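The values are calculated or read from the model by the stated rules, or taken from the named source; none is laboratory data. Bear in mind the structure is a predicted one, so any value in this text is a computation, not a measurement. Cβ atoms come from the backbone with ideal geometry, glycine included; neighbour counts cover every protein chain shown. Keep in mind that these areas ignore ligands, DNA and RNA; they rest on the heavy atoms of the full protein, side chains included. Shrake-Rupley method; radii C 1.70, N 1.55, O 1.52, S 1.80 Å.
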Amino acid sequence: MESNRSNSSNASLVFRLFDENPNSELGILDSPQRPLQAPPPCFEVLPSEVPTSVKYVTEPLNVGGVILLKGRVSTHEVFALGNSDLVPGKYEGGLKLWEGSLDLITALSCEIKVGKLSFAGQRVLELGCGHGLPGIFACQKGAASVHFQDFNAEVLQSLTIPNVNANVQKMPEHLATDTNKNNNLETRFFAGDWGEVHSILPYACKDETEASEMAQLNRGSSYDVILMAETVYSISALPNLCRLIKKCLCTPQGVVYMAAKKYYFGVGGGSRRFLSLVENDGTFSASLVSEVADGSSNVREVWKLLPK
Ligand SMILES: C[S@@+](CC[C@H](N)C(=O)[O-])C[C@H]1O[C@@H](n2cnc3c(N)ncnc32)[C@H](O)[C@@H]1O
């Protein structure tokens, strides 16, 4: 496929990220560390950049009564990697669908039902989107704009954009409902590392000083809702992720919904590790929205962060 970056790996380490079952679609983490290397450049990916050389197929997915179309592409076709590989700092697992994104949609749906959340007219940012299904759910629920961010431009090009097209632009008539049509929607796509991607996000502040100045003005040009699923596995990435949220979230009314495993075995990250960083930082208060302990993997959680 055409890519803005080379597909040839200069990463020194290749780890298994996913489970041993080659047919499994859900990612399972088993990656101990990240290599020290400069992150790839940040840039906006245009919806027209979908590669024609990568085969993309969809299947319907029922997430607690919410019907979404989930795409599937081959990791080998996109990255020239085996289907179960992660290359830290090069490919961060976005082609797999992770359980947390389904937990997140279920939690968002409940929050809407009980009147604690509305996407209507909101600016939404999905960080580490991969398939982008939570962001797509926000599109269907009336968001004004949804911006999708992933480490890999290739993921946005080959999977996220086609998923948005399939679910929002071209939903088949038999699956379309009044709630998943949103005619005044802006969707945009941004590739880059959490340490730098704020520089290209349209509603992000350039630094934390500007973010706190905006907060004092009571409404910055920033995001109302930030969504993220399975983004807190790598300990080394957590400080940048926390700083990025501070630069992007609207204060005081913004909200972050985060789905993650409580603990990622083998890597040390997890929801609790991220939340202790957030707590020390002092900008946000956190509350548990839901917990999934179904025995199929380690405990999974959905958390809500609000500016203090
Ligand atoms: C495990 S995948 C989860 C994908 C998707 N949210 C899901 O739940 O199916 C982690 C995502 O975070 C992104 N990511 C990981 N580390 C990152 C970093 N340092 N900067 C930017 N994005 C990163 C990856 O591109 C990837 O899409």
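Near PHE284, the amide H atoms lying under 5 Å from its own belong to LYS308; only residues 5 or more places off or on other chains count, and H is placed 1.01 Å from N. Based on Cα atoms of segment 218-308, Rg over Rh with Rh as the Kirkwood radius reads 0.98.
Label-to-label distance for LEU306 and ALA286 is 1.7 nm, based on points extended 7 Å past Cα in the beta-carbon direction. Taken over segment 203-308, lysine pairs spaced eight or more positions apart, or on distinct chains, with alpha carbons under 20 Å apart number 8. Once C-alpha pairs closer than 8 Å and six or more residues apart are averaged by separation and normalised to the residue number of segment 211-308, the relative contact order reads 29 percent. Surface exposure of segment 202-308, expressed per residue as accessible area with a 1.4 Å probe, stands at 42 Å². Taking amide H as placed 1.01 Å from N in the peptide plane, the amide H of SER74 sits under 5 Å from that of LYS55, each at least 5 places away or on another chain.
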